[in-house]
Amino acid sequence: MKEEKESTKEVIHEIVRLILVLSFALLLAMVSSLRAIAINGRSSTSFYGYQEDVKHSELYQKLDFDLLELGTQKLSIHSYTQISKDISANDDIETKIRNAYFNWKENALDIRVGRQFISRGIGRASIDGLMVQYQQSGAFSITGYAGTESPFDSVDVRSWSDGNTIGSYVSLDCFKNSFIGVSWVRKERNNECDRHAIGFDTDSRVSVIRLYSQGEMNILEGEVNKILAGIGYRASRKAQLYTEYRYSKPAFRKSSVFNEFEINSAQQLRVGINCVCIELLRISGEYSLLNKSAVSHRVHGEISSRNISIGYIYGSGYGGSENSVIVNMKLAIANRFRLGAGARYSKYSLSERLHVSDESITTHINCSYRFMRNWDLSARVENYKNKHYEYDTRVVINTTILFHQHK
């Protein structure tokens with residue numbers, strides 16, 4: 001029986017691998033006949049240079065595209081790939097496939113097969129597998145998904161026994177602008193249950209008031225790991241207030257070394273306001289109470305116009321303190337060329353107890369030029385300085401091409 005189960009898992013593993021291979025083979029076959037399909041996409045090439053102990057010069061190539069209406073309006077392919085290399089070192093080229101899946105949409109049914117990122121309630125995972133969603137607008141939606149755990153740093157496909165995720169999510173639209181969702185997820189690694197949880201989330205908007213909540217329970221330990229409840233009030237178009245309560249207790253993998261230590265829970269209460277006092281002045285503030293004793297507060301004010309903005313940030317409490325002044329300027333020339341510059345001076349401490357303080361200055365210059373409607377080039381140079389770094393200069397150069405074609 002056990003051998004039959006393992007055989008079934010390996011068959012699933014090979015099917016998923018075959019789907020990914022066929023996806024890329026199909027994409028290559030379509031290059032010569034792009035006029036027969038609709039395509040949306042973005043190609044981004046970047047250079048990133050910085051210095052730590054040694055200089056680093058890194059190249060990144062990202063390709064994000066959707067092939068639509070593949071013989072029918074119901075079928076499409078979606079993919080996002082990143083290729084990178086540190087040209088200042090002897091490192092190999094790294095290829096990461098974030099997404100590569102077929103999508104079939106027909107009326108209320110949505111089916112995705114391949115590598116995809118799942119975010120449904122408490123279920124968040126990158127899988128090589130299947131997701132099925134049935135949604136009746138204004139009534140309910142049901143989602144189920146299952147697959148092997150996709151590796152973050154390679155193009156390989158893992159076996160079912162190495163890691164897998166199964167989950168579901170049910171959402172009910174109670175009335176206009178309001179819903180309640182219930183989710184369940186189970187993860188396994190090396191044939192052992194690594195996470196098993198159930199959760200809920202709600203969101204309701206009535207006139208100028210928003211009520212929302214989330215919760216998660218660890219079925220393995222039989223304890224609550226997360227509770228979130230908040231209320232927002234929109235007093236006017238220029239002023240919003242909010243209050244939020246959060247309870248959390250970390251849940252680690254069974255194999256994690258952190259399980260050897262005592263794991264404590266935390267409770268936090270936040271109260272804040274965002275407002276536009278006059279047309280050019282924006283102010284936000286927040287008061288936070290952690291575990292009934294640790295208090296922190298933060299205030300941010302900004303005066304801005306079309307070409308310049310000046311901001312001030314003050315923060316104090318657990319996690320240290322901060323006093324910062326920020327200045328940014330921007331200029332547009334002939335609708336194609338944009339130039340910007342800015343500086344930030346900060347005086348901060350990383351720990352309220354140790355009273356260790358420092359000052360830092362950050363400056364940057366950036367520019368961009370649009371060659372045509374779907375092609376632009378940008379560059380940014382940033383320098384950071386404090387008592388630990390005499391200088392820390394980083395350079396980013398990026399060119400982006402958008403492509404869009406109908407049948």
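Backbone geometry of the stretch 73-84 corresponds, through the Karplus equation with coefficients 6.51, -1.76 and 1.60 at θ = phi - 60°, to 3J(HN,Hα) couplings of 5, 7, 10, 8, 10, 10, 8, 9, 10, 10, 10, 9 Hz, x marking Gly and Pro. Projecting the Cα positions of Ile93, Phe117, Ser137 onto the charge dipole of the stretch 53-143 (unit charges on Cβ atoms of Lys, Arg, Asp and Glu, taken about the Cα centre) puts Ser137 furthest along the positive direction.
Find the centroid of the Cα atoms in the stretch 87-165 and in the stretch 208-240, then give the distance between the two in whole Å. The stretch 87-165 and the stretch 208-240 have Cα centres separated by 27 Å.
Could you list Phe65, Phe403 so that the one with the fewest beta carbons within 10 Å of its beta carbon is first and the one with the most is last?
Placing the least packed residue first, the sequence is Phe403, Phe65.
Applying 1/(1 + (r/R0)^6) with R0 = 51 Å to the Cβ-Cβ distance of Leu172 and Val54 gives a FRET efficiency near 0.35. Take the cross-link list Lys74/Lys176; Lys55/Lys347; Lys62/Lys249; Lys62/Lys330 and give me the ones stretching past 31 Å between alpha-carbons. Too far apart for the 31 Å limit: Lys62/Lys249. Taken over the stretch 291-402, the convex hull of the Cα atoms encloses 134 Å³ per residue. Please identify every one of the trypsin sites (Lys or Arg not before Pro) in the stretch 102-209 that sits in a loop by DSSP and has no more than 12 other beta carbons within 10 Å of its own beta carbon. Counting only loop positions with at most 12 other Cβ atoms within 10 Å, the trypsin sites (Lys or Arg not before Pro) in the stretch 102-209 are Lys176.
Using the beta-carbon distance between Val257 and Ser46 and R0 = 51 Å, what value does 1/(1 + (r/R0)^6) give for FRET efficiency, to the nearest 0.05? For Val257 and Ser46, the calculated efficiency is 0.90. Applying both filters, DSSP loop and at most 15 other Cβ atoms within 10 Å, to the chymotrypsin sites (Phe, Trp or Tyr not before Pro) of the stretch 131-229 gives Phe152. In µm²/s, what is D for the stretch 113-230 at 25 °C and 0.890 mPa s, where D = kT/(6 pi eta Rh) by Stokes-Einstein and Rh is the Kirkwood radius from Cα pairs? Reported coefficient: 159 µm²/s. Paramagnetic label reach from Ser236 (point 7 Å along Cα→Cβ; backbone nitrogen cut-off under 12 Å): within the stretch 268-303, residues 275-279. Backbone amide hydrogens, once placed in the peptide plane, bring Gly41 within less than 5 Å of Asp66, Phe403, excluding anything fewer than 5 places away on its chain. The largest-to-smallest principal axis extents of the Cα set in the chain are 64, 55, 49 Å. Adding -39500 (n - 2.57) for every DSSP H run of four residues or longer, then dividing by how many residues the chain holds, sets the calculated 222 nm ellipticity at -2500 deg cm²/dmol.
Kirkwood hydrodynamic radius of the stretch 265-306 from all distinct Cα pairs, in Å?
Answer for the stretch 265-306: a Kirkwood hydrodynamic radius of 11.7 Å.
Trypsin sites (Lys or Arg not before Pro) within the stretch 283-364: which are DSSP loop residues with at most 11 other Cβ atoms inside 10 Å? Counting only loop positions with at most 11 other Cβ atoms within 10 Å, the trypsin sites (Lys or Arg not before Pro) in the stretch 283-364 are Lys292, Arg306, Arg353. Amide H contacts of Ser88: Ser57, each under 5 Å away and 5 or more positions distant or on a separate chain (H built 1.01 Å from N in the peptide plane; Pro and chain starts excluded).
Where a number appears in this text, it was derived from the coordinates with a stated rule and is not lab data. Every value quoted in this text rests on a predicted model; they were computed, and no experiment measured them. All Cβ positions, even for glycine, are placed from backbone atoms using ideal geometry, and neighbour counts span all protein chains on display.
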